[in-house]
Amino acid sequence: MTTQRSCSRGTPFCDFEVRNPATEEVMATVADCGAQDALSALDAAAAAADGWAFTSPRDRATVLHRLTDAMIGHRERLARIITLEIGKTITEARGEVDYAAAYFRWYAEEAVRQHARSTPSPDGKSHIVTVAEPR
């Protein structure tokens, strides 16, 4: 079943039901977005990048640690969704959630490390220091 409605910009889009193929049970209702919605989401992400770039490394790490904690806190729910969506065993799905959370944890830990490189200048009399920025 689809339901026609409008998004906040006034353009129409539809919702659709996601069904378990084995039981036909409705698992969720989700938005059926189009290309313009995807471009709008991309524009919003690009606009947020400047603010994120000026966020301190410690604050970035805190956000990523909170995301890791949320994934682990919702491990069973996420694993069940993966199982219903693509048919993995619950054990495999839990492993997938743990694996994804480990990436966020790793990046959270890396966020506070300031990476820079010191290279001798071509004339050998000084050093050129290169500092990475978050973007």
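Brief remarks on what is shown
- Considering segment 82-135, and only residues there that are open to solvent by less than 100 Å² (accessible area, probe 1.4 Å) and touching a residue at least 40 places away in the same chain (Cβ under 8 Å), the residue that is nearest to ALA49 (Cα to Cα) turns out to be PRO134.
- Residue match in segment 62-75 (condition: more than 30 Å from VAL18 (Cβ to Cβ), part of a helix (DSSP H, G or I) and within 21 Å of the chain's Cα centre (by Cα)): yes
- Segment 11-61 - residue that is aromatic (Phe, Trp, Tyr) and touching a strand residue (DSSP E or B) at 6+ places or on another chain (Cβ under 9 Å) and, of those, surrounded by the fewest Cβ atoms within 10 Å (Cβ to Cβ): PHE16
- Pair list, Cβ under 9 Å, 6 or more apart: segment 37-57 residue under 14 Å from GLU133 (Cβ atoms), other residue open to solvent by less than 50 Å² (accessible area, probe 1.4 Å) and not polar (S, T, N, Q): TRP52/ARG60; PRO57/ALA111
- Of the residues making up segment 18-33, those that are closer than 17 Å to LYS88 by Cα and outside any strand (DSSP E or B) are ASN20, PRO21, ALA22, THR23.
- Residues in segment 89-135 that are part of a helix (DSSP H, G or I) and either in contact with a Gly (Cβ under 9 Å, 6 or more places away or on another chain) or not hydrophobic (A, V, I, L, M, F, W, C) (or both): THR91, GLU92, ARG94, GLY95, GLU96, ASP98, TYR99, TYR103, ARG105, TYR107, GLU109, GLU110.
The values are calculated or read from the model by the stated rules, or taken from the named source; none is laboratory data. These numbers come from a predicted model, not from an experiment. Glycine gets a Cβ as well: all are built from the backbone with ideal geometry, and neighbour counts include every protein chain shown. For accessibility, only protein heavy atoms count, side chains too; no ligands or nucleic acids. Shrake-Rupley method; radii C 1.70, N 1.55, O 1.52, S 1.80 Å.
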